[in-house]
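Here is the structure we will look at.
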Amino acid sequence: MGAIEWISRAQQQDGSWPRHTAKPAETVVTLSTNHATGLALLALLGAGQTHQEGRYQANVKKGLEFLVRQIREGDDPGDLCGEGDRNGRRVAALALCEAYGLRRSREVL
């Protein structure tokens with residue numbers, strides 16, 4: 001199984017990818033759901049998958065829809081911070097911008 005297939009299988013029903021905690025070099029790093037979702041989407045988009053075409057089109061679309069829902073309905077509407085993860089906000093926003101830039105489509109936005 002390749003990395004992109006593994007990423008697609010790790011996606012949750014709501015379109016997100018789960019929070020993740022790693023312990024590199026004795027430092028605990030926790031990614032928020034929005035952060036993990038943004039990173040997964042960037043990997044899929046970088047592999048040529050979009051919300052309009054590709055084998056993992058449905059995964060990309062569901063992930064983008066999740067992030068848009070976070071903006072509209074999250075704890076702090078308009079903010080992608082998610083669980084206090086400020087870097088996650090940036091990564092999630094970058095994924096949305098990348099998807100838009102690749103297709104120039106506001107279909108999921």
- Working only within the stretch 58-77, note down all residues that are modelled with pLDDT under 95, open to solvent by 60 Å² or more (accessible area, probe 1.4 Å) and not charged (D, E, K, R). PRO77
- So ARG104, is it open to solvent by 60 Å² or more (accessible area, probe 1.4 Å) and modelled with pLDDT under 85: yes
- Query: Is it true that ALA93 is closer than 15 Å to ASP14 by Cβ, at pLDDT 85 or above and of a type in the set (A, V, I, L, M)?
  - Reply: no
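The values are calculated or read from the model by the stated rules, or taken from the named source; none is laboratory data. Predicted model only: the values in this text are computed from it and were never measured. Positions of Cβ are backbone-derived with ideal geometry, glycine not excepted, and every protein chain shown enters the neighbour counts. Areas reflect the complete protein model, heavy atoms only, side chains present, ligands, DNA and RNA absent. Shrake-Rupley method; radii C 1.70, N 1.55, O 1.52, S 1.80 Å.
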